[in-house]
Amino acid sequence: METIDGDVTWDDLINLPVDPPIKRNICRNCKRPVAVCYCEYLPTERLDPLCKVILLQHPAEEKRCLHTATILSLSLKKERCVVYKGTKFPQNRHSGLYEILNLPNTLLLYPTANAVDLRRLPKVTEESQLNYTLVIIDGTWPQAKTIYNKSTALHALKQVKLSHHQGSEYIIRTQPTENCLSTLETAAEALSVLENKPNLKKDLLRPLKALCKYQLNHGATVHESKEYRLKNKTYPKLIGKRLKKLLEKTRTEETSFNEMIQNQNEICEKL
Ligand SMILES: [Zn+2]
């Protein structure tokens, strides 16, 4: 056996050509595969609304590939969007949340029977020196319900809702339909209503719209939502009159944002 000087051997090994590492190309900012990165559609400068958004996020939510709350937090100035994670709020680790929940102008966007239509609240303007802290539960409808029920501190908050209004493109998050608004849409709609700034909504939704377009161009399948199945009588569960009425009223988009979000998650898994 030929003996080689130790250093030379190591040098040879180090200089051996290696295959490039196989890794997914992930965008550092949005943490999504580069092919479905939406960063170029985010506002060039983070937006600075007068109101603040607090997201109470279910732990399962952040695991989703297209997590719309991330678009929101990447679009707003850091102090304008604060995320607390958990299934019950507030807990000791949620630093500052207890104080926020006790502020006089903190609103909970949650459709209880007592919830007031957000459109009826006084508008926020630079001059009025009025601003709201808007608390939104970030999760699926059943997760949001569980969080609300477990978090008694939320029950005392002034509760508001977004009602369906003429000209709205989307179905508003008041009923457990597949088309209820995503967290981003909810926040975008609420902020633009409270501050009377339609551009806020436009800027916040731009990344979602771009992804929607990308998806349509790539011929992704349109999911059969619960709403679709109910309308086509293929959903076995009996539904109440109110929900039935709401579903009948709603528009069926070719690809709604929620279907798009589901599709995007599947595209991500494949990439
Ligand atoms: Zn990105």
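Read-outs throughout are calculated quantities, based only on the coordinates presented, and are distinct from any laboratory measurement. No experiment lies behind these values; they were computed from the predicted model shown. We place every Cβ from the backbone using ideal geometry, glycine too, and count neighbours over all the protein chains shown.
Using the Karplus equation 6.51 cos²θ - 1.76 cosθ + 1.60 (θ = phi - 60°), what ³J(HN,Hα) coupling, rounded to whole Hz, does each residue of the stretch 140-154 give in order, writing x for Gly and Pro?
So the J values, rounded to whole Hz, are 6, 4, x, 5, 4, 4, 4, 4, 4, 4, 7, 9, 4, 4, 6.
May I ask for the net charge around residue 101, where only other residues with Cβ less than 14 Å from the Cβ of residue 101 are counted and Lys, Arg are +1 while Asp, Glu are -1?
With Lys, Arg at +1 and Asp, Glu at -1, the neighbours total +2.
Taking 0.36 nm per residue of separation and subtracting the Cα-Cα distance, what length does fully extending residue 125 through residue 28 add?
Using 0.36 nm per residue and subtracting the Cα-Cα distance, I get 31.4 nm.
Please list, in chain and number order, the residues 5+ apart from residue 106 or on another chain whose amide H is under 5 Å from its amide H, with Hs placed from the backbone.
133
Does the stretch 34-217 come out rounded, prolate or oblate by the C-alpha gyration tensor, with a ≥ b ≥ c the root eigenvalues, rounded set by a/c under 1.5 and, if not, prolate when a/b is larger than b/c and oblate if not?
Here the stretch 34-217 falls in the rounded category.
Checking the table 85/213; 77/161; 31/88; 63/197; 77/197; 85/209 against a 21 Å threshold on Cα-Cα, which pairs fail?
From the list (85/213; 77/161; 31/88; 63/197; 77/197; 85/209), the Cα-Cα distance tops 21 Å for 85/213; 77/161; 31/88; 63/197; 85/209.
Quick one: net charge of residue 41's neighbours, Cβ under 12 Å, K/R +1, D/E -1?
My count for the surroundings of residue 41 gives +2.
R0 = 51 Å: FRET efficiency of residue 217 with residue 153, Cβ-based, nearest 0.05?
With R0 = 51 Å, the Cβ-Cβ based efficiency is 0.65.
At residue 48 and residue 209, where each label point lies 7 Å from the Cα along Cα→Cβ, what is the point-to-point distance in nanometres?
Taking the simple label geometry, residue 48 and residue 209 are separated by 2.5 nm.
Using 0.36 nm per residue of separation minus the Cα-Cα distance, give me the extension gain between residue 117 and residue 266 in nm, one decimal.
Full extension of this stretch gives 50.1 nm more.
Under a 5 Å amide H to amide H cut-off, with H placed in plane at 1.01 Å, what residues pair with residue 163 once short-range neighbours are removed?
118, 119
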